[in-house]
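Enquirer: Here you go, one structure.
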Amino acid sequence: MSVGWVTLARLCLVNAAIGGLAALPVNLFNRLMAVELALPALLPGLLVALHYGVQLTRPVWGHRSDAKGGRTPLILGGIAVVGAGVLGAAWGIAIAEISVQWALVIWALSYIAIGLGIGAAGTSFLALLASASGARKGGVATTAWLFLIAGAIAASIGTGIALEPYSPDRLVVVVGAVVSIAVLLCVIATWRVEARIPETTAPHDMPLMMALRTTWGDPVARRFTGFVFLSILAFYLSELIFEPFAGHVHGLGPEDSTKLSGGKDGAALMGMIGAGVLSQLRLGTLRFWAVAGCVLSALGLLGLGAGLPLVPSTVALGLGNGLFVVGAVGSMMQLAAAHAQATGTRMGVFGAAQAIAAGLAGLVATGMLDLTRLVLPDGAAYGVVFTFEAALFLVAAVVAARVMQGDDMTDDATLVPGE
């Protein structure tokens, strides 16, 4: 049973809240630790990797929402834990002015809480959205991702404005307000939604390990997990090195490299919107958008690595990323929703693969770049990383084309008959 677009859009407010809270540790707190507190840049990197590592618990949260017959409590409880972690991290920044040692303890606990909360809330949200969306996975995936980005932008800009003039005490107050807004948004988003989808509230007593073995025993789910890992690893590999590449190789200043990065993100948004709209018009399947997005992203990366014109290559990379997101996230929801009593468990397995890949990508990219720059000029060194990333995208495209061949993965309509 699916619900209307208004309810689906309201439910996606959960993703806006997650995006807003997750943006602060990655962006603002990163800068405050490295600049205002003059701590090693590796520290926030390790803390972010810690929060990704903790998200290996996603299958546990997904299975619990399946077994208990309810996803809303885990969404609300998870977002409360994320909020507590983000507020704790902000408090740690204030404590660091007095004692860095105590701040490190607070940050470690806070980032663990952030990872646990995102795992619980994010997995349960996607499982509920998969059950609620019916035969509209492409458009719903686009909507959910746009809300995630909008939440991150709103939280970043709003926090930046509210922090003027900056002080550690003001930071704690402002972050507390952001957390309160995020929790309120999630309450509004989930209000009485699950009651309208009876199949999500039917509990079962399958133990966790048996549910995981059943999921991993499905060849389609196993291959799709491999696709998620490969594609997300490729997707995030260039995140930490794209702006340094613009500076080292093309001589762009910080303001120009930031504009270029923003242009890439803008192209990605256009790709998401285009694929989402065309999916609703039945023009292109989720498999097509996933494969096309991987291939176009690879072409953009090869252009960057080969020294082709910067802007066209960047736009191609951004558009490809946008198409890929719609195809991959939509297919993820589709494959999970095909097994009503294991939707959360499957979404948790896919989410765990995504978290591992995202956490690993930054370490692989920066480590590979440092090593290659020891023996190669900057342009060639970046070219090696971009070529490796392109190769991963092309392998992911082949995997996507193969794993999505069956009738249950070809298009939205065939997966959910009668809707």
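Enquirer: Need pairs with beta-carbon distance below 7 Å; first residue in contact (Cβ under 8 Å) with a residue 12 or more places away in the chain and within 18 Å of V26 (Cα to Cα) and within segment 153-179, second in a loop (DSSP other than H, G, I, E, B) and open to solvent by 40 Å² or more (accessible area, probe 1.4 Å); sequence gap 6+ or separate chains.
Expert: P168/E97
Enquirer: In the set A150, A113, which member is within 30 Å of F288 (Cβ to Cβ), among the aliphatic types (A, V, I, L, M), open to solvent by 10 Å² or more (accessible area, probe 1.4 Å) and touching a residue at least 24 places away in the same chain (Cβ under 8 Å)? It would help to see each step written out before you state the result.
Expert: Values: A113 fails: within 30 Å of F288 (Cβ to Cβ).
Only one candidate passes the filter, namely A150.
Enquirer: While we're here: State whether the residues of segment 224-238 include one that is open to solvent by 70 Å² or more (accessible area, probe 1.4 Å), touching a helix residue (DSSP H, G or I) at 6+ places or on another chain (Cβ under 7 Å) and either modelled with pLDDT under 75 or part of a helix (DSSP H, G or I) (or both).
Expert: Within segment 224-238 (the criterion being open to solvent by 70 Å² or more (accessible area, probe 1.4 Å), touching a helix residue (DSSP H, G or I) at 6+ places or on another chain (Cβ under 7 Å) and either modelled with pLDDT under 75 or part of a helix (DSSP H, G or I) (or both)), the answer is no, since none of the residues qualifies.
Enquirer: Of the residues in segment 114-150, how many are assigned to a helix (DSSP H, G or I) and either hydroxyl-bearing (S, T, Y) or under 19 Å from G271 (Cα atoms) (or both)?
Expert: Of the residues in that region, 17 qualify.
Enquirer: Would you say A120 is over 22 Å from the mean Cα position of the chain (by Cα) and over 30 Å from G284 (Cα atoms)? Before you say what the answer is, go through the steps one by one.
Expert: Working: over 22 Å from the mean Cα position of the chain (by Cα): no; over 30 Å from G284 (Cα atoms): yes.
No: the conditions fail for A120.
Enquirer: Within segment 277-306, track down each residue that is basic (K, R) and assigned to a helix (DSSP H, G or I).
Expert: Correct list: R287 only.
Enquirer: Only one of these conditions is not met by L46: (1) part of a helix (DSSP H, G or I); (2) more than 17 Å from L24 (Cα to Cα); (3) open to solvent by 40 Å² or more (accessible area, probe 1.4 Å); (4) free of Cβ contacts under 8 Å to residues at least 24 places away in the same chain. Which number is it?
Expert: Condition (2) is where L46 drops out.
Enquirer: Can you find even one residue in segment 162-184 that is of a type in the set (A, V, I, L, M, F, W, C), open to solvent by 20 Å² or more (accessible area, probe 1.4 Å), within 16 Å of A9 (Cα to Cα) and at pLDDT 95 or above?
Expert: Among the residues of segment 162-184, at least one is of a type in the set (A, V, I, L, M, F, W, C), open to solvent by 20 Å² or more (accessible area, probe 1.4 Å), within 16 Å of A9 (Cα to Cα) and at pLDDT 95 or above, which makes the answer yes.
Enquirer: Which residue, of W107, W61, is open to solvent by less than 20 Å² (accessible area, probe 1.4 Å) and either in a helix (DSSP H, G or I) or not charged (D, E, K, R) (or both)?
Expert: None of the others qualify; the one that does is W107.
Enquirer: Run down R71, R64, R170 and say which single residue is closer than 29 Å to P40 by Cα and of a type in the set (K, R). Explain how you work it out, then say what you get.
Expert: Numbers: R71 fails: closer than 29 Å to P40 by Cα; R64 fails: closer than 29 Å to P40 by Cα.
The match here is R170.
Enquirer: May I ask you to verify whether G327 is at pLDDT 80 or above and buried (at least 22 other Cβ atoms within 10 Å of the Cβ)? So that I can check it myself, show each step before the final result.
Expert: Values: at pLDDT 80 or above: yes; buried (at least 22 other Cβ atoms within 10 Å of the Cβ): yes.
Yes, satisfied.
Enquirer: For segment 87-104, name all the residues that are of a type in the set (A, V, I, L, M) and either in contact with a Gly (Cβ under 9 Å, 6 or more places away or on another chain) or open to solvent by 40 Å² or more (accessible area, probe 1.4 Å) (or both).
Expert: Within segment 87-104, L87, A90, I98, V100, A103, L104 qualify.
Enquirer: If A290 passes every condition in (1) modelled with pLDDT of 85 or more; (2) within 28 Å of D378 (Cα to Cα) but one, which one does it miss?
Expert: (2)
Enquirer: Does S257 fit the bill of being among the hydroxyl-bearing types (S, T, Y), at pLDDT 85 or above, more than 18 Å from V140 (Cα to Cα) and surrounded by 18 or more Cβ atoms within 10 Å (Cβ to Cβ)?
Expert: Judged against the criteria, S257 is not a match.
Enquirer: Separate question: So which residues in segment 7-18 are modelled with pLDDT under 90 and either of a type in the set (S, T, N, Q) or within 16 Å of V48 (Cβ to Cβ) (or both), if there are any at all?
Expert: Within segment 7-18, the subset modelled with pLDDT under 90 is 7-9.
If the condition is that a residue be modelled with pLDDT under 90 and either of a type in the set (S, T, N, Q) or within 16 Å of V48 (Cβ to Cβ) (or both), then T7 is the only one that fits.
Enquirer: Name the residues in segment 239-254 that are more than 30 Å from A400 (Cβ to Cβ), open to solvent by less than 60 Å² (accessible area, probe 1.4 Å) and assigned to a helix (DSSP H, G or I), would you?
Expert: Across segment 239-254, the qualifying residue is only G247.
Enquirer: Something else now. Just checking, how many residues over segment 283-306 are out of contact with any Gly (no Cβ under 6 Å at 6 or more places or on another chain) and open to solvent by less than 60 Å² (accessible area, probe 1.4 Å)?
Expert: Counting residues in segment 283-306 that are out of contact with any Gly (no Cβ under 6 Å at 6 or more places or on another chain) and open to solvent by less than 60 Å² (accessible area, probe 1.4 Å) gives 10.
The values are calculated or read from the model by the stated rules, or taken from the named source; none is laboratory data. Fair warning: this is a prediction, and the values are worked out from it, not measured in the lab. Positions of Cβ are generated from backbone atoms using ideal geometry, with glycine treated the same way; all protein chains shown enter the neighbour counts. SASA here: full protein model, heavy atoms, side chains in, ligands and nucleic acids out. Shrake-Rupley method; radii C 1.70, N 1.55, O 1.52, S 1.80 Å.
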